[in-house]
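Chemist: Quick one: this structure, given as structure tokens, is what I'll be asking you about.
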Amino acid sequence: MRLVKRSTSSGRQTDAPVISEVLLGDVPASALSVGTAALVPGAEATAAIAAARAAGVRYFDTAPYYGLGRAELALGEAIVGVDRASLTLSTKVGRTVDPDSRQWHFDYSRDAVLRSLDASLARLGVDRVDIVYVHDPDNHADEALATAIPALLELRDAGVIGAVGAGMNQWQVPLRFIRESDVDVLLIAGRYSLLDASAAVELLPECVERGVDVVIAGVFNSGILANPRDGASYDYRPASVERLARARAIQRVALEHGVTLRDLAVAFSTAPSAVASTLLGVSSERQVHDNLAVWNAAVPAEVWTELSQLGLLPDGAILPS
């Protein structure tokens, strides 16, 4: 549930970013959230998390799969001594990390879920996390619905965790999850972006109907919407000539109006009413400040009108207001 929406106006803002409070299920979070997949333990990670917190970000997402535990360790180090009540933490289960071999495998069984969560708590150095997502059950939906989700719902109902969700790079299986289980939140990566708004056709409207909150990630589609250079990636693969051409055309319109392609990508992600939070990954303190500047950019309404008239917005696009 979004409590305060970002507004769209003219020009770029230079004031401190305004990061509103939101709810994911019943869990307080922030409209801008931080992804920790690229973090490694050390001073740089600690400085990045501190900078985000100082700006008003309270929601930090991680997973055992990220760096095979290193991201959780980095986040854990960064929040030592921080008031736990001021933080919202999420992690994931399903991509299970073997602590001895440092390898991972898919396992959505009840025992694996509980073991994975215990290991995450140890790496994070906390006694609870607020949200737990089932991680990438694309080819394991039946098992996840039969075992992982019920195990997490039991923990939620017992007050051990605050909310249950699924995190994926598609919209079809998440649609099944909200229809067949009592999840509170979805983390959807790459399927509501300036190049692919497919989640808006069926998934996001049904989330609104069912009261399921959505966190949008992957707004740059793994690079092309941050910098559409030659060799840019789209969904972790080299982008096609057609996608590069479209991204560059969108970028030209943005620059003509005094904003950047990254500004547009982030603003676009906030438009659907189902979306409560936009998750941007960080690897350094500098990237945190870059993300905050993008978050604070005011995109002129004329940009969206022009992109629509030029046919540069994807099917299902919901225009920011």
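The values are calculated or read from the model by the stated rules, or taken from the named source; none is laboratory data. These numbers come from a predicted model, not from an experiment. No Cβ is skipped: glycine too gets one built from the backbone with ideal geometry, and neighbour counts run over all protein chains shown. For accessibility, only protein heavy atoms count, side chains too; no ligands or nucleic acids. Shrake-Rupley method; radii C 1.70, N 1.55, O 1.52, S 1.80 Å.
Chemist: Select, from L114, L73, L39, the only residue that is at pLDDT 95 or above and closer than 25 Å to S20 by Cα.
Modeler: Just a single option satisfies the conditions, and that option is L39.
Chemist: Which of the numbered conditions does D136 fail, given that it passes all the others? Conditions: (1) charged (D, E, K, R); (2) under 12 Å from G94 (Cβ atoms); (3) crowded, with 24+ Cβ neighbours inside 10 Å.
Modeler: Only one criterion is unmet by D136, namely (3).
Chemist: Those residues that are within 22 Å of R243 (Cα to Cα), in contact (Cβ under 8 Å) with a residue 40 or more places away in the chain and surrounded by fewer than 19 Cβ atoms within 10 Å (Cβ to Cβ), I need them from the range 267-306; list them, please.
Modeler: E306
Chemist: Would you point out the residue of the range 43-64, among those that are assigned to a loop (DSSP other than H, G, I, E, B) and touching a strand residue (DSSP E or B) at 6+ places or on another chain (Cβ under 6 Å), that is surrounded by the fewest Cβ atoms within 10 Å (Cβ to Cβ)?
Modeler: R58
Chemist: Shifting gears a bit: Would you say R123 is of a type in the set (D, E, K, R), touching a residue at least 24 places away in the same chain (Cβ under 8 Å) and open to solvent by 30 Å² or more (accessible area, probe 1.4 Å)?
Modeler: So R123 passes the test.
Chemist: Between residues in the range 88-102 that are touching a residue at least 12 places away in the same chain (Cβ under 8 Å) and part of a loop (DSSP other than H, G, I, E, B) and residues that are open to solvent by 30 Å² or more (accessible area, probe 1.4 Å) and among the acidic types (D, E), which pairs lie under 8 Å by C-beta distance while being six or more apart or on different chains?
Modeler: G94/D107
Chemist: Name the single residue, out of those in the range 140-194 being more than 18 Å from the chain's Cα centre (by Cα), under 21 Å from A112 (Cβ atoms) and among the small types (G, A, S), that is surrounded by the fewest Cβ atoms within 10 Å (Cβ to Cβ).
Modeler: A158
Chemist: Going by the conditions given, is Y108 modelled with pLDDT of 95 or more, aromatic (F, W, Y) and either closer than 27 Å to P41 by Cα or open to solvent by 60 Å² or more (accessible area, probe 1.4 Å) (or both)?
Modeler: No; evaluated as a whole, the condition is false for this residue.
Chemist: Can you find a residue that is open to solvent by 30 Å² or more (accessible area, probe 1.4 Å) and on the phi > 0 side of the Ramachandran plot anywhere in the range 307-317?
Modeler: Within the range 307-317 (the criterion being open to solvent by 30 Å² or more (accessible area, probe 1.4 Å) and on the phi > 0 side of the Ramachandran plot), the answer is yes, since at least one residue qualifies.
Chemist: Return yes when D235 is acidic (D, E), touching a residue at least 24 places away in the same chain (Cβ under 8 Å), at positive phi and buried (at least 17 other Cβ atoms within 10 Å of the Cβ) and no when it is not.
Modeler: Yes, satisfied.
Chemist: Which residue pairs have Cβ atoms closer than 9 Å, lie 6 or more positions apart in sequence or on different chains, and pair a first residue in the range 143-162 that is of a type in the set (K, R) and modelled with pLDDT of 95 or more with a second residue that is open to solvent by 50 Å² or more (accessible area, probe 1.4 Å) and part of a helix (DSSP H, G or I)?
Modeler: From residues that are of a type in the set (K, R) and modelled with pLDDT of 95 or more, there are no pairs.
Chemist: Please verify whether A55 is modelled with pLDDT of 95 or more, more than 16 Å from R123 (Cα to Cα) and touching a helix residue (DSSP H, G or I) at 6+ places or on another chain (Cβ under 6 Å), treating the condition exactly as stated.
Modeler: yes
Chemist: Let me ask something else. List the number of the failed condition for V113; all other conditions in (1) open to solvent by 20 Å² or more (accessible area, probe 1.4 Å); (2) farther than 25 Å from Q287 by Cβ hold.
Modeler: (1)
Chemist: Checking G231 against (1) part of a helix (DSSP H, G or I); (2) in contact with a Pro (Cβ under 9 Å, 6 or more places away or on another chain); (3) under 26 Å from T36 (Cα atoms), which single condition isn't satisfied?
Modeler: It fails just one condition, (1).
Chemist: So which strands (runs of 3 or more DSSP E) are wholly in the range 123-225 and hold at least 2 residues that are of a type in the set (G, A, S)?
Modeler: Passing ranges, in order: 163-168.
Chemist: Kindly indicate the residue of the range 83-99 that is modelled with pLDDT of 95 or more, open to solvent by 10 Å² or more (accessible area, probe 1.4 Å) and among the charged types (D, E, K, R) and also farthest from H135 (Cα to Cα) among those meeting that condition.
Modeler: D83
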